[in-house]
Amino acid sequence: MNRLRRRPFLLTAVLLPALLLSRRGGATPTPLLWHYSCAGQEPAWSLEIAETSGRLTRPSVSGDAVVELDGAMRRPAQLEPAWAVWRGHTRAGAYTLVAILREESCRAQTDAAAAPYRALVSFPDGSAASGCCQAEQRLDVRAAAPARYAGKPADDWSHNLPELLPAIGACLRSGGPGATGVSYAAVADGQVSVRLVGSDGTRSECRVAASGPATPAVAPLAAEAGQPPGDELPLYWPVRGQPPQRRCGRLEQVLGARNVLVGYLYYPEGCEAAPH
């Protein structure tokens, strides 16, 4: 096996072929970064690491406790096998976690499939735990370019996204915590129609007056409704917790007032032969 391909620690950012251009607007696909999924037992814990962000899950008496972390990965050079150290903290700085990853075959349980990395994790309360990690390449959200609406084709529903964002925001709030994204939005007959995507894959349709503040009406999408032209091209995700995790395609940053990041547009370009 090619040694370089087995060692993502040596590849902090992997670009797709430079000559591969997007079908829409000639945009280059978003670069890839390595993502690590680590877990251990006794006590049970799991940690998702994406270079500068992380999510720790630990069970508690009242249910799983989830902590969102900002952090950074450091890879000491010239070590064989490869090592990496990830240090994460909450935005308030009150919670610090250190994870040390080493490239070696690791089994969390005797009958479990082997993972390529072993992890040691130090928690802020002084406790420590060990576990195993899987690694895969995912889109680097930090490298996503800002969306340019003027150059989008007419069949791309997001070409007038800035005008649709107030209605989309109202619909996402009315859709509850299960509404995680939008597959399509358009204005017709004085109403903004927004198709919401749930975390479980369910779809619903939201309608709200285009003229200004109003209470949105949200209803499950009928199976016979079909897909409008351009549905899911692109998908829109608002900024909520962890950034979108995708193994292929292209991301664009959606910027609001004062250039504040409010969400992402996702185009599944080049994903025909790759899971995402």
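Conditions (1) assigned to a helix (DSSP H, G or I); (2) within 22 Å of Ala94 (Cα to Cα); (3) basic (Lys, Arg); (4) modelled with pLDDT under 90, marked per residue:
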{"position": "Thr12", "(1), (2), (3), (4)": "no, no, no, yes"}
{"position": "Ala18", "(1), (2), (3), (4)": "no, no, no, yes"}
{"position": "Gly25", "(1), (2), (3), (4)": "no, no, no, yes"}
{"position": "Ser37", "(1), (2), (3), (4)": "no, no, no, no"}
{"position": "Glu48", "(1), (2), (3), (4)": "no, yes, no, no"}
{"position": "Ala65", "(1), (2), (3), (4)": "no, yes, no, yes"}
{"position": "Met73", "(1), (2), (3), (4)": "no, yes, no, no"}
{"position": "Ala77", "(1), (2), (3), (4)": "no, no, no, yes"}
Exercise for the section: Go through the stretch 132-155 and give me each residue that's closer than 30 Å to Pro228 by Cα and surrounded by 13 or more Cβ atoms within 10 Å (Cβ to Cβ). Expected result: Arg138, Leu139, Asp140, Val141, Ala144, Ala147, Tyr149, Lys152
Practice task
Please identify the pairs in which a residue from the stretch 106-117 that is assigned by TED's automatic domain parsing to the domain that holds Tyr36 and free of Cβ contacts under 8 Å to residues at least 24 places away in the same chain has its Cβ atom under 6 Å from the Cβ atom of a residue that is of a type in the set (D, E, K, R) and surrounded by 10 or more Cβ atoms within 10 Å (Cβ to Cβ), counting only partners at least 6 apart or on another chain.
Solution key: Ala114/Arg107
Exercise for the section: Can you work out which of the residues in the stretch 100-131 that are in a strand (DSSP E or B) and among the aliphatic types (A, V, I, L, M) is surrounded by the most Cβ atoms within 10 Å (Cβ to Cβ)? Expected result: Leu101
Fill in the blank from the handout: Counting only strands (runs of 3 or more DSSP E) entirely within the stretch 156-274, those with at least 1 residues that are surrounded by 14 or more Cβ atoms within 10 Å (Cβ to Cβ), of a type in the set (Val, Ile, Thr) and touching a Leu at 6+ places or on another chain (Cβ under 9 Å) are 179-188, 191-198, 217-220, 250-255, 261-267
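The values are calculated or read from the model by the stated rules, or taken from the named source; none is laboratory data. Please read these numbers as outputs of a predicted model, since none were measured by experiment. Here the Cβ is made from the backbone with ideal geometry for all residues, glycine too, and neighbour counts use every protein chain on show.
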